[in-house]
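Here is the structure we will look at, set down as structure tokens.
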Amino acid sequence: MEIRPLPIEGAFVVTPRQFPDDRGVFLESFRGDRLAEHLGHRPDIVQTNVSVSSRGTVRGIHFADVPPGQGKYVTALTGALVDYVVDIRVGSPTFGRWEAVVLDAVDRRAVWLSEGLGHAFCALQDDTTAMYLCSAAYNPTGEHGVHPLDAAIGLELPAGVEALLSPKDAAAPGLAEAEAQGLLPTWEDCRAHAAALAQRAN
């Protein structure tokens, strides 16, 4: 298993080793101990989510209040998607930037997003099944969104894809509006939360 940091601090791409034979394929899709080597603590996975999406479905940009935040380990079980990590942490040196990784059922990569980062994806195929391992349970009062098509962020959707948004995501504020409303986590709070998690692990 290879774990590679993305240019946005707190985000990683995980590429598993696959062992194919005439029966199919085997792989380790998640290793908390290996992630701990990069995070300074082992992720406490408390909830698993699964979504099935038609081609063009865009989910996000979603994030949670920090603390406690919600770290996410995202992979595609079937189909393919473009996964977006968006830095929405006010004061971060990469605030407003994003990185994209293709997740599919061929390479079977995954993405880890630390607490405080924004997450979105766009399904490239019908019946794309995404699985998210989450470090905190869903909290409707602490969950927020930023409009995924906000020009200030400028997510690049795949060519030929017409975005399909939920009513909630379509009504989400832009990045500047979310910042003005005090919805976005701060760089300082996210770093303090990460340090507290690492301290508890030692």
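The values are calculated or read from the model by the stated rules, or taken from the named source; none is laboratory data. Every value quoted in this text rests on a predicted model; they were computed, and no experiment measured them. All Cβ positions, even for glycine, are placed from backbone atoms using ideal geometry, and neighbour counts span all protein chains on display. Each accessible area value is taken on the protein alone, full model and side chains, heavy atoms only, with ligands, DNA and RNA left out. Shrake-Rupley method; radii C 1.70, N 1.55, O 1.52, S 1.80 Å.
Within the stretch 106-120, residues that are more than 19 Å from residue 197 (Cβ to Cβ) and at pLDDT 95 or above sit with their Cβ atoms under 6 Å from residues that are among the small types (Gly, Ala, Ser) and assigned to a strand (DSSP E or B), at 6+ positions apart or across chains, in these pairs: 120/60. Using the structure shown, decide if residue 7 is open to solvent by 60 Å² or more (accessible area, probe 1.4 Å), over 23 Å from residue 124 (Cα atoms) and not in a strand (DSSP E or B). In short, yes. Of all residues in the stretch 10-36, those satisfying the criterion of being without any contact (Cβ under 8 Å) to a residue 12 or more places away in the chain and hydrophobic (A, V, I, L, M, F, W, C) are 19, 25, 26. If only residues of the stretch 10-36 that are small (Gly, Ala, Ser) and surrounded by 14 or more Cβ atoms within 10 Å (Cβ to Cβ) are counted, the one that is nearest to residue 110 (Cα to Cα) is 29. Just wondering, is there one or more residues in the stretch 142-156 that are exposed (fewer than 15 other Cβ atoms within 10 Å of the Cβ) and either within 17 Å of residue 51 (Cβ to Cβ) or among the β-branched types (Val, Ile, Thr) (or both)? Looking through the stretch 142-156, at least one residue is exposed (fewer than 15 other Cβ atoms within 10 Å of the Cβ) and either within 17 Å of residue 51 (Cβ to Cβ) or among the β-branched types (Val, Ile, Thr) (or both). The residues in the stretch 11-27 that are in contact with a strand residue (DSSP E or B) (Cβ under 7 Å, 6 or more places away or on another chain) and part of a loop (DSSP other than H, G, I, E, B) can be counted, and the count is 2. From the residues in the stretch 159-173 that are part of a loop (DSSP other than H, G, I, E, B) and open to solvent by less than 30 Å² (accessible area, probe 1.4 Å), which one is farthest from residue 64 (Cα to Cα)? Going through the qualifying residues, I end up with 161.
Kindly provide the set of residues from the stretch 99-119 that are open to solvent by 10 Å² or more (accessible area, probe 1.4 Å), more than 15 Å from residue 185 (Cα to Cα) and within 11 Å of the chain's Cα centre (by Cα), ordered by number. Scanning the stretch 99-119 gives 99, 100, 101. Might you let me know whether the stretch 37-58 holds any residue that is in contact (Cβ under 8 Å) with a residue 12 or more places away in the chain, of a type in the set (Lys, Arg) and buried (at least 20 other Cβ atoms within 10 Å of the Cβ)? No, the stretch 37-58 contains no residue that is in contact (Cβ under 8 Å) with a residue 12 or more places away in the chain, of a type in the set (Lys, Arg) and buried (at least 20 other Cβ atoms within 10 Å of the Cβ). Can you give me the number of residues within the stretch 174-197 that are assigned to a loop (DSSP other than H, G, I, E, B), more than 30 Å from residue 125 (Cβ to Cβ) and in contact (Cβ under 8 Å) with a residue 12 or more places away in the chain? The number of residues fulfilling the criteria is 3.
Answer with yes or no whether residue 89 is basic (Lys, Arg) and under 22 Å from residue 184 (Cα atoms). The answer is yes for residue 89.
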